[in-house]
Amino acid sequence: MSNQPNTSRRTFFKVVGLASGALAAGYYFTHSEPLPPLVQTDDTLTPNSMVQLTDNNELLFYCPRDEMGQGVTTGLATIIGEELDVNPSQIRVKFSGIHEDYNNPEFGFQGTGGSTSIKAHYTQLRQLAANFRALLIESAVIDLDVAKAELKTDNGQVLYGNKAFPYSQFIATAKTLEIPQHAKLKSATEFKYIGFDRPRSDALEKSNGTAMYAIDADLEGLAYAAVARCPVIGGTVASFDAEKARMSSGVFDIVQIETGIAVVANRYWDAKKAVKLIDIEWNLPELGKVGSDDIRRDYDQAMEAEDGDSSQELGDLDIGFAESKVAIDSNYWVPFLSHSPLEPMNAVVHIQGDKAEAWAGHQGAGGVAGLVARNSDVPVENVTVHSTFAGGSFGRRAFLSHVAEATQVAVATKRPIKLIWSREEDTQNGWFRPASLMRIKAGVSASGDIKAWHAKRVGGNIMPDTVANALPVLMPRAPQFAVDMAESAARSIFSNFTTEHASIEGLFEDYDVPNRKVNHVTVEHGLPLAFWRSVGHSFTAFAKEVAMDELAAKIGMNEVRFRLRNMKANPRLASTLEMVDRRVTELGSEQGRQWGFAAHSSFNSYVSEAAEVSIESGRIRVHRVVCALDCGRVINPDNVVSQMEGSIMFGLTAALYGNLELENGAIKQSNFHDYPILRMNEAPAVEVLLTESSEAPTGVGEPGLPPLAPAVANAVFKLTGDRLRELPLTLAS
Amino acid sequence: MIEFKLNGASVKTQDSPDTPLLWVIRDTFKLTGSKFGCGAGLCGACTMHVDGQPTRTCILPIAAIAGKEITTIEGIGTADNMHPLQEQWVAQSVPQCGYCQSGQIMSAASLLDQNPMPTEQDVEAYMAGNICRCGCYPRIKSAILAAAQKLADQDAESAKEASNVEPA
Ligand code: FES
Ligand code: FES
């Protein structure tokens, strides 16, 4: 079945979760005590570390998850507002500090990602808000001296007959009572906010320039840093001459850091200019000898010559192929990609004595604190992280080497530092979506049933880099050799002994297959690899869903009917495909255009998409996309639609353009001219259909992406007869 | 020393003349609504109006703006006095991460100045210089069209009122 959690990340998060739990206990607090700014004062009521009621009846929500564009502040506030009977639009949202109370219940530590935020906090926040409401009612019973049955709540008020009393009126009494632990939750029929469209709470500040990002942080005496870094990731400085740079206007300091030479100046522009004047000799790593052709050749060879690790075995492939009337054996390729959030990596670090403050967009504030501590003498508990909005992330800001750099510069210069990567640095310095070569051999019986499915993937794994990145964060004082050992252990485990789930997730789950096997061969060249929006699904869905179209064509069935026939055990995905199919039939198709289809489940959600495509002046043009999604109960339909729209644009950029190439170990692409991002004149119209569901809510930030590229490729086949099996999609000339 | 007008006020700066306007506005004048996205005139995050023209300020040295009028997102509208585009941006929940949106709104404002009733194709062509990595394009487009319509309705309304005024 498709309903498989992202187990490799899960397992990993469990492991690091334990570590971080221990850390939290050791370094921060021994029990869950609300942190400042959640200190109890006489005039506020703070029944837990998430919400605080002020004496003027304002409700503050300390949002434990990071806002990178996905609308989590609005979504989580809606859940709280629902059970607390407070209009979510009136809830003031702040980002929480660092504390175990703010852990992601799915991960066991304070991280945001994996499309988990709503799923992870739905029940937790409802219960916590319901308990708070019950406390207020109990207090009102005492203060008003009436029976509980006569009280209702609405819009931040306790209602008695035709009288309304603001919640804040009961603060004093509430402070004397025990907080109920298991207050009854609303039934879904009582929902007023959950399931209804609601404007994003951050839309205004993000429309008038007042929204604060890390790059906007300002401090007295702030100096700006830019880094001259090796064109090959992992290269180190052999020698350098910075005399010219030192003389350049506005330059204060030149310091060597782990990743290169940093120029510190009065203004960012001064630093940028001076960086260009530094001459550096580099010690190049092995990667320095590698080009894109080498990588492709190594992957091809591994695909032909090696079996690697096999997993997910069911039945007997030989029998399956014997029962098949037609079969395919196709290879699919996807390249390395950069996340390219519009706000480039940057960090502000200010160290004063044994205390530090830091600003950086992140997917977990603890990561920022850990890296500041690791790169300075400041104890981790003395690092204050100012969480801001992140200007996009898509997995990128789980990796925070720029925070380490800013800290190293701040330590060396004893100045508050704002370190900004250029767009070119951001494009070229990882971590990257791993390139992948995939092969699908599959067979179908005369009646159209898939009998055999043998998938194989060649490429690098994400986990070793994640371990290398996470350990120093979780254990700031762990010596480097221990971190290196853990990294190489992880590398060895996933190269030699077992398959990392994120490397094959999505390659085999969605369809009913009696005979199945997945092989994985790890081939790595030293590029750092990361989660990239929808992780493994970002490449596996392309292979799987193009393969499905190939099989349908070979057996002579309609591609939608063929999928549905082989999806009996996956009814939720099937119903999204039926919705898309119906809608496409209604819409019809214009002359010279074709609709291509794809269906894929990921992050416990189910998505089908159809893309209407034409070829215009030799280029692929996507006109419309119809998307149907089952993500369980929907908190805010409009925001879900927005996430689908965004995922589709993100997916289309990857389908048409995304391609990082290597030359002598250096990434060739640098900025948006040669690493293009989809623009408005290329953006399709998007229609999103949501299923009605009372299942638990699941992810929406990522699942909209995987089906897009195969849907477009499948439409191109109908238009041209060419099977495109490589991304970015390139028409045969 | 270079003097110019910033959101209506006369200002001067000692920053070196080759400094791009974006960094002077952000780091010297501390208006951080305009963003750094690419530094190469490719994404539009840094868009401001220079003498009314939408301009990529990450590649515009301040030597070129002496005596000119600069308008930034901060000069376009505030929370209490929103530009009609901003009203639509909020009403339609346009932003995701929000980082591109100052630039989007500055470009859109220029579009409506030049072409008060743009077609969908006009909007797409004019806005093609502004990248949104989060992919808010469908909403940006629909918010611009809605703002144009609203402005046109208001104009029609005030024209009607003006023609209804009795001569004294
Ligand atoms: S930052 Fe100026 S166009 Fe991108
Ligand atoms: S809203 Fe994120 S880049 Fe446009």
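What aspartates and glutamates does residue A:206 reach when the alpha-carbon gap must be under 14 Å and sequence neighbours fewer than 8 apart in one chain are set aside?
A:67, A:216, A:343, B:74, B:87
Under 14 Å from the Cα of residue A:244, which aspartates and glutamates turn up, not counting those fewer than eight places away in the same chain?
A:253, A:270, A:279
Sort out for me the Cα centre separation of segment A:344-423 from segment A:257-328, rounded to whole Å.
27
Under 5 Å between amide H atoms, partner at least 5 residues away or on a different chain: which partners does residue A:389 have, H built in plane at 1.01 Å?
Under 5 Å from the amide H of residue A:389 lie the amide H atoms of A:212, each far enough along the sequence or on another chain.
Would you pull out the residues with amide H under 5 Å of residue A:209's amide H, same chain only if 5 or more places away, H placed 1.01 Å from N?
Those qualifying (amide H under 5 Å, at least 5 residues apart or on another chain) number zero.
If you only keep lysine pairs separated by 8 or more in sequence, or across chains, how many in chain B come under 18 Å at the Cα atoms?
Within chain B, the lysine pair count is 6.
Apply the Karplus parameterisation 6.51 cos²θ - 1.76 cosθ + 1.60, with θ equal to phi minus 60°, to every residue of segment A:670-680 and state each ³J(HN,Hα) to the nearest whole Hz, in sequence, with x for glycine and proline.
Karplus values, whole Hz, x for Gly and Pro: 9, 9, 6, 6, 10, 10, x, 10, 3, 10, 4.
Under the rule of at least 5 residues apart or a separate chain, name every residue whose amide H is placed under 5 Å from the amide H of residue A:678.
Amide H neighbours of residue A:678: A:653.
At what distance in angstrom do the alpha carbon centres of segment A:589-608 and segment A:708-724 lie from each other?
So the two Cα centres are separated by 11 Å.
May I ask you to derive the relative contact order of segment A:44-208, considering only C-alpha pairs under 8 Å and at least 6 residues apart, and to give it as an integer percent?
Across segment A:44-208, relative contact order equals 25 percent.
How high is the relative contact order of chain A? Use alpha-carbon pairs under 8 Å, at least six apart in sequence, and give a whole percent.
15 percent.
If the cut-off is 23 Å between C-alpha atoms, which lysines fall inside it for residue A:517, apart from same-chain ones fewer than 8 positions away?
The qualifying lysines are A:325, A:441, A:451, A:456, A:544, A:554, A:568.
What does the average come to when, for each residue of peptide B:87-95, you count the partner chain Cβ atoms lying within 10 Å of its Cβ?
Mean partner shielding for this stretch: 6.
Can you compute 3J(HN,Hα) from phi for each residue in segment B:47-53, using the Karplus curve 6.51 cos²θ - 1.76 cosθ + 1.60 with θ = phi - 60°, rounded to whole Hz and x for Gly and Pro?
4, 10, 9, 10, 6, x, 9
Local charge sum around residue A:491 (other residues, Cβ-Cβ under 10 Å, Lys/Arg +1, Asp/Glu -1)?
So the environment of residue A:491 carries a net charge of -3.
State the answer as a single residue: which of A:541, A:639, B:40 lies farthest towards the positive end of the charge dipole of the protein assembly as shown, with beta carbon charges of +1 for Lys and Arg and -1 for Asp and Glu, about the Cα centre.
Of the listed residues, the answer is A:541.
Helix by helix through chain A, keep the DSSP H runs that span 30 Å or more along the axis on Cα and average at least -0.5 on Kyte-Doolittle, and give those back in order.
Details: long enough: A:117-144 (38 Å, 0.40).
Counting only whole DSSP H runs, the qualifying helices are A:117-144.
Cα centroid distance between segment A:513-539 and segment A:462-478, in Å?
21
Consider all pairwise Cα distances in chain A and report the whole-number % of them above 38 Å.
The proportion of pairs with Cα distances above 38 Å equals 41 percent.
Note the angle between two axes, namely the Cα long axis of helix B:101-114 and the longest principal axis of the Cα atoms of chain B, as a number of degrees from 0 to 90, rounded to the nearest 10.
60
Laboratory data are not the source of any read-out in this text; all were calculated from the coordinates shown. These figures come from a predicted structure and were not determined experimentally. Note that we place each Cβ from the backbone using ideal geometry, even for glycine, and neighbour counts take in every protein chain shown.
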